Amino acid sequence: MRISPFPSSSAAFGARRAALLGALAGAACLAAAGAGAASALPAPAGPLADISIVERASGRVLPVYRHRGEYWVAGRPGANYAIRVRNNTPGRILGVISVDGLNVLTGRSAAARPDDGYVFDGGESSDIEGWRKSLDKVAAFYFAESDMSYASRTGRPQDVGVIGVALFREKPPAVVYESAPGAGDGSAAAAEAAVPAAPRQAEKSAARAAPAPAPSLGTGHGAIEVSHVSTTRFDSATRRPEQLVRIRYDSFDNLLARGVIPRPRPSPAPRGPRAFPGDGFVPDPPAY
């Protein structure tokens, strides 16, 4: 199932699996990061899209920290959040989004395949704000204690504390030349071969990373909100994602304890009053 944010062109179910395009709220412009952002990194960016996590109440884009090869953000317990996707290309892309290891459209175990996701028009910036309940409603994402997360409450706590986005480019229309009837097939094969190796390398790096303790924050199944979407046809150029983003999250205090966020250095103690500030020996006179 593939979905695209409103407003969008008229959409209909295609012969292949349809993708949900979400009616996604929120400003298209990124909000300025708050205190502590100076030591953070820009949101993960790539050839297809920029991905950021937004605290909805304040509109603040959460600062991203890099630690031992992984991206992290600090969530505020109880705060609603959204996953912002900004399409950097002129064409449509498909984003398959997972939270705590679950596909946000179906609630099933997420797979980085071009099946169930949101379709974004060229240059579009949209916010994914919750678990999709229907074409008109979502259950809001919010930072919850891990045992109160949707994944844990449905018996799947193994991947709590991570957000993933797998991005796919749309397959271009087949071009058939009368003088070269097989040209269309060759183009398709070339498109498949042109998939960069970066996603595969990212997967290998994640596999080599040392396991971290279970995070104390997960994502809850929050209040039901209105969010209109429609279905559309989308044929992916490849079966492997061209861009794969993985962002882990936990509370600010836990990230400090893990060493993800550096602790501020204590400032030197202020000079106290001295009873005899003029103690010392006779100094030399100025030179002529």
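Residues that are open to solvent by less than 10 Å² (accessible area, probe 1.4 Å) and over 15 Å from the mean Cα position of the chain (by Cα) within the range 59-92 comprise just one, A79. Filtering S134, S149 for residues that are among the small types (G, A, S) and either under 18 Å from the mean Cα position of the chain (by Cα) or open to solvent by less than 10 Å² (accessible area, probe 1.4 Å) (or both) leaves a single hit, S149.
Screening P215 on (1) at pLDDT 80 or above; (2) crowded, with 20+ Cβ neighbours inside 10 Å shows it passes everything except condition (1).
One residue stands out in the range 218-236 among those that are charged (D, E, K, R) and open to solvent by less than 50 Å² (accessible area, probe 1.4 Å): the one that is nearest to G91 (Cα to Cα), namely D235. Checking every residue in the range 253-263 against the condition of being closer than 21 Å to T219 by Cβ and open to solvent by 100 Å² or more (accessible area, probe 1.4 Å) gives at least one match.
The values are calculated or read from the model by the stated rules, or taken from the named source; none is laboratory data. A quick note: this is a predicted structure, and the numbers were derived from the prediction, not measured. Cβ atoms come from the backbone with ideal geometry, glycine included; neighbour counts cover every protein chain shown. For accessibility, only protein heavy atoms count, side chains too; no ligands or nucleic acids. Shrake-Rupley method; radii C 1.70, N 1.55, O 1.52, S 1.80 Å.
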